[in-house]
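The values are calculated or read from the model by the stated rules, or taken from the named source; none is laboratory data. The structure presented is a predicted model; accordingly, all values stated were derived computationally and were not measured. Here the Cβ is made from the backbone with ideal geometry for all residues, glycine too, and neighbour counts use every protein chain on show.
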Amino acid sequence: MNVKLFADSASDLPKEFFDQDNIDFFPLKVHIEGQDYEDLITIEPKKVFDKIREGHMPKTSQVSPESFLKTFSDLAQKGEKGIYIAFSSQLSGTYQTAVMIRDQVKEEYPELDLTIIDSKCASLGYGLVVQNALRALNNGKSHQEIIDTIIHDAEHMEHLFTVEDLDYLAKGGRVSKASAFLGGLLNIKPLLHVEDGKLVPIEKLRGKKKLMRRILELMEVRGTDLSGQTIGISHGDDLELAMEMKKMIEEKFSPKDVYINIIGCAIGSHTGTGTLAVFFLR
């Protein structure tokens, strides 16, 4: 029986990745200037970041229930197995909606075989989990082995990131407004990570160079076999900064690969421009 993988656009992987066989994605929605867009389909990340620079504050919403309903019904009708790796349930209602729609579809198609996994990850941390799952599938791993790979990677994925302006996270309800005000006032940059699917501040530092050095220190402490890993870097439309971080990582750890991509529309709407994030297995 065929196995089909699904993810959503909060994995911050490029559209070309999802043009491959055996994997598809659900777009989150972005609202700007009274217009609704589908992440990666009708709007590109660069446009979102340009709008943010112009002073606009995009809003986002989860994957539409209709999209889940159609895809899950098609899966049942084709008799295929499916695995949907979802964006962290602590940062979006997408996972909960997917579970609700799956249960609804199972009433009509009791034989539907769809596993939905809460990755508790975001951006390229989530994206690396998805990439590894597709690799396992294409390498002929069994249905259960693919699920085990996803769960292992999701539980061990480390996210270390900083944002240029805490206001975006504050307005999206991701950090307190008091923290955002303090950070902006003193030009202090926060270092955050993801813990059990939630954004958690680690510490605050003054200046990006200090932050980048601190990320390297934490990678050394928290990482495992970094030389054998693919490390992910995502950025808020600042490729130069991401390349600088890549060089520092390569010089210190000599990883198998460093994968860089721009932060997608949905995540970028909440983090703003100038964000830098690093992902690896702990």
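At a glance:
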{"quantity": "Condition check for His152: farther than 19 Å from Phe17 by Cβ, outside any loop (DSSP other than H, G, I, E, B), of a type outside the set (A, V, I, L, M) and within 12 Å of the chain's Cα centre (by Cα)", "calculated": "no"}
{"quantity": "Residue in the range 89-103 that is of a type in the set (Ser, Thr, Tyr), more than 18 Å from Ala154 (Cα to Cα) and touching a Gly at 6+ places or on another chain (Cβ under 9 Å) present", "calculated": "no"}
{"quantity": "Evaluation of Asp237 against (1) free of Cβ contacts under 8 Å to residues at least 40 places away in the same chain; (2) at positive phi; (3) not small (Gly, Ala, Ser) (one fails), failing number", "calculated": "(1)"}
{"quantity": "Helices (runs of 4 or more DSSP H) contained entirely in the range 64-149, each with at least 1 residues that are within 25 Å of Asn261 (Cβ to Cβ) and over 19 Å from the mean Cα position of the chain (by Cα)", "calculated": "65-78, 123-138"}
{"quantity": "Residue satisfying all of: in the range 42-59; under 19 Å from the mean Cα position of the chain (by Cα) and at pLDDT below 95; farthest from Ser119 (Cα to Cα) among these", "calculated": "Pro58"}
{"quantity": "Test: residue in the range 4-22 that is part of a strand (DSSP E or B) and either modelled with pLDDT under 95 or among the basic types (Lys, Arg) (or both)", "calculated": "yes"}
{"quantity": "Exclusive hit being touching a residue at least 60 places away in the same chain (Cβ under 8 Å) and not assigned by TED's automatic domain parsing to the domain that holds Ser269, set Glu80, Glu54, Glu16, Glu33", "calculated": "Glu80"}
{"quantity": "Answer residue from the range 105-128, given it is exposed (fewer than 15 other Cβ atoms within 10 Å of the Cβ) and touching a residue at least 12 places away in the same chain (Cβ under 8 Å) and is farthest from Ala154 (Cα to Cα) among those", "calculated": "Glu108"}
